[in-house]
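Structure first, then comments.
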Amino acid sequence: MQDHDCIFCKIAKGEIPAAKVYEDDEVFAFKDINPKAPVHFLIIPKKHLASLAHADAGDAALLGKMLALAPRLAREQGAENGFRVVINTGRDGGQEVAHLHMHILGGPQPWK
Ligand code: 5GP
Ligand code: ZN
């Protein structure tokens, strides 16, 4: 199910430009437009899922694939000494874009 007003569906389809980090038939990854860390990109499913709370057991393989990609892509993007994975979910979870996305945040943090 695609939501044609969804900005991340449009990014996954190439209709809105984004700095692509990775793509396969099910998953798209791109740099966050407003980075909160030296390395900050988002991993999304191409299929429109409004949030993690909208995923079900049938999405387990897709979610596993996204999670398993994180360390490889983080390393490729320059996060060599660790990273955070954040999935804001729902209004009280601070989710602003209603298409499931995994934030990967890493890189040197000189303020620490
Ligand atoms: P949320 O608060 O929903 O977890 O995070 C949404 C993230 O998407 C934010 O970090 C925001 O900077 C990013 N974002 C929103 N719109 C765009 C866009 O059009 N392009 C890119 N690359 N990132 C976006
Ligand atoms: Zn979408």
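Points to keep in mind about this one:
- Loop sites in segment 1-95: GluC sites (Glu not before Pro), DSSP, at most 11 other Cβ within 10 Å: E15
- Above 15 Å, the calculated P(r) of segment 7-106 contains 59 percent of its Cα-Cα pairs.
- Non-local Lys pairs in the chain, i.e. 8 or more apart or on different chains, that have alpha carbons under 30 Å apart: 27
- For K13 and H54, the difference between the fully extended length at 0.36 nm per residue and the C-alpha to C-alpha distance is 12.7 nm.
- Helices in the chain, meaning DSSP H runs of at least 4 residues, each add -39500 (n - 2.57). Divided by all residues, the mean residue ellipticity at 222 nm is -6500 deg cm²/dmol.
- Expressed as a whole percent, the accessible area of the chain that falls on carbon and sulfur atoms is 54 (1.4 Å probe).
- Ordering G93, A50, C6 by Cα displacement along the dipole of the chain toward the positive end leaves G93 in first place; charges were set at the Cβ atoms of Lys, Arg (+1) and Asp, Glu (-1).
- Long-range amide H partners of F41 with built H, under 5 Å: D32, I104
- Probe 1.4 Å, accessible area per residue of segment 7-106, Å²: 54
- In this simple spin-label model, placing a label point 7 Å from the Cα along the Cα-to-Cβ direction at both D5 and K31 gives a separation of 3.1 nm.
- With each label modelled as a point 7 angstrom along the Cα→C-beta vector, the V97-K65 pair spans 1.9 nm.
- The charge dipole of the chain, taken about the Cα centre with unit charges on the Cβ atoms of Lys, Arg (+1) and Asp, Glu (-1), comes to about 380 debye, rounded to the nearest 20.
The values are calculated or read from the model by the stated rules, or taken from the named source; none is laboratory data. All values reported here derive from a predicted model rather than from experimental measurement. With ideal geometry, Cβ positions are generated from the backbone for all residues, glycine too; neighbour counts draw on all protein chains shown. We work out accessible area using only protein heavy atoms, side chains counted, and drop any ligands, DNA or RNA first. Shrake-Rupley method; radii C 1.70, N 1.55, O 1.52, S 1.80 Å.
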